[in-house]
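One structure is given here, and the rest of the page talks about it.
The values are calculated or read from the model by the stated rules, or taken from the named source; none is laboratory data. These figures come from a predicted structure and were not determined experimentally. Cβ placement follows ideal geometry from the backbone for every residue including glycine, while neighbour counts extend to all protein chains displayed. To get the accessible areas, we keep the full protein, side chains included, count just its heavy atoms, and leave off ligands, DNA and RNA. Shrake-Rupley method; radii C 1.70, N 1.55, O 1.52, S 1.80 Å.
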Amino acid sequence: MMLPVRPELAGLHPYGAPQLDVPVRLNTNENPYPPPQAVVEEIAEAARAAAAGLNRYPDRDFAALRADLAGYLATESGVHLDPAGIWAANASNEVMLHVLQAFGGPGRTVLSFAPTYSMYPEYARDTFTTWVAGRRGEDFSVDPDHAAQLIDEVRPSVVLLASPNNPTGTALPLTTTRAVLDAAAQVPGGCVVVVDEAYAEFRRPGTPSATALLAGHRHLAVVRTMSKAFALAGARVGYLAAAPELVDTLRLVRLPYHLSSVTQAVARAALAHTAELMAQVGALRDERDRWVGALRARGLQVPDSDANFVLVGVFDDAHMVWQGLLDRGVLVRDAGPAGWLRVSVGTAQEMAAFGAALDEVVEQ
């Protein structure tokens, strides 16, 4: 008997990067360094304490976690926010879904600029929101005039901007973000601008965060995650900073008690050890920049990256290079623009293995 699958889902495959058991995995932008043992023990103790009360529902509005996240942003970005302007969920994926559930929907449009994160069209599809993608320039930048013109034409209810962008690693200057915000402010009925800063902690010195614009733009939301810099991909904690009234709207669409007591406890324990968990961020930045230079010296193109990954190209047959690397025990991501591969920054040993494998493949 056939299932009554929604027509737009028929024949599709679930999202997901390959999870293969190979020596070097550089395909999912994970932090290659696990949390320090002392932090692991404190996280485990926090989870144990939370387990004693699992017969009760968690704090539905996770007030303590929101206060801790606001405190972190004050330190990390120098932006002092009311905890009422913080929202969290099971990874930034769920945060973004909440945004589309609240501000998208049938008859509404979400606008972004490709190439960008491959989940964005799926958020739109899952919320019955029309997806429209403008184009980035050859250097993967977003042209402010092109963006403003598209916003005027499309009149979206949501604009999604990734900075640093995935898969290109390129960050947006605040001038571009301001131009988008100004154009969005003219959309009849309103338009929310979301800047996805999942990789913000890896940005180079001098690269700004859109959190600096929150005070003057109440239709702006900045999304972050604890998966990358905090080495907590397995904990699934993401969050958003915005005006309290925008956050209050997200509360309408969240599932009841969506953030478990254990998740809240783990996130708060990690935030109490920000210094230890962020200690490797600088090392990963240095390793990234070293490999940008090393790959360019090999004659390859690599855009400047403000993330914990680099985009490498242009290959005549990127999939053949991807397969050649995999055959040598190195897994990277073949999901970017045609001719390009995305490589997460791993440990020095992992990157050396990647370089050696890449040289062999290119030689062949």
Cα gyration tensor of the stretch 283-362 diagonalised, 5x eigenvalues square-rooted, in angstrom largest first, produces semi-axes 18, 14, 11
Using a 1.4 angstrom probe, figure out how much accessible area the stretch 1-65 has per residue, in square angstrom, rounded to the nearest whole.
-> 76
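Looking at the stretch 227-274, which chymotrypsin sites (Phe, Trp or Tyr not before Pro) are DSSP coil and have at most 15 other C-beta atoms within 10 Å of their C-beta?
TYR257
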Choose one of ALA147, PRO58, ALA348: the residue whose Cα lies farthest towards the positive end of the charge dipole of the chain (beta-carbon charges +1 Lys, Arg; -1 Asp, Glu; about the Cα centre).
-> PRO58
Share of the chain's accessible area from carbon and sulfur, percent, 1.4 Å?
-> 53
Just need the relative contact order of the chain here, percent rounded to a whole number, with Cα pairs under 8 Å and 6+ apart.
-> 24
For the stretch 108-184, listing GluC sites (Glu not before Pro) in a DSSP loop whose Cβ sees at most 11 other Cβ atoms within 10 Å gives GLU138
Dividing the mean separation of Cα pairs under 8 Å (6+ apart) by the residue count of the stretch 237-364 yields a relative contact order in percent of 18
Placing one equal point scatterer on each C-alpha of the stretch 103-183 and summing with Debye, one gets log10 I(q)/I(0) at q = 0.14, 0.20 Å⁻¹ equal to -0.42, -0.86
Kirkwood estimate for the stretch 157-256, i.e. one over the average of 1/r between Cα atoms, Å | 14.3
Packing-wise, with mean Cβ within 10 Å as the measure, how do 157-165, 272-280 rank, highest first?
-> 157-165, 272-280
How much mean residue ellipticity at 222 nm does the chain get from its helices, if each DSSP H run of length 4 or more adds -39500 (n - 2.57) and you divide by all residues, to the nearest 500 deg cm²/dmol?
-> -11500 deg cm²/dmol
Counting as exposed only trypsin sites (Lys or Arg not before Pro) in DSSP loop states with no more than 15 other Cβ atoms inside 10 Å, the longest exposed-site-free span of the chain is 61-217
Cut-off 19 Å (backbone N to label point 7 Å along Cα→Cβ of ARG178), residues of the stretch 142-162 = 142-149, 161
Select from the stretch 62-158 those chymotrypsin sites (Phe, Trp or Tyr not before Pro) which occupy a DSSP coil region and have at most 15 other Cβ atoms within 10 Å, ordered by residue number.
-> PHE128
Alpha carbon centre of the stretch 221-249 versus the stretch 55-122: separation in Å?
-> 5
Compactness of the stretch 17-123 as Cα Rg over 2.2 N^0.38 Å, two decimals | 1.41
Mean-square fluctuation maximum in Gaussian network of the chain, Cα pairs under 10 Å, restricted to ALA215, ALA171, ALA297, hits ALA297
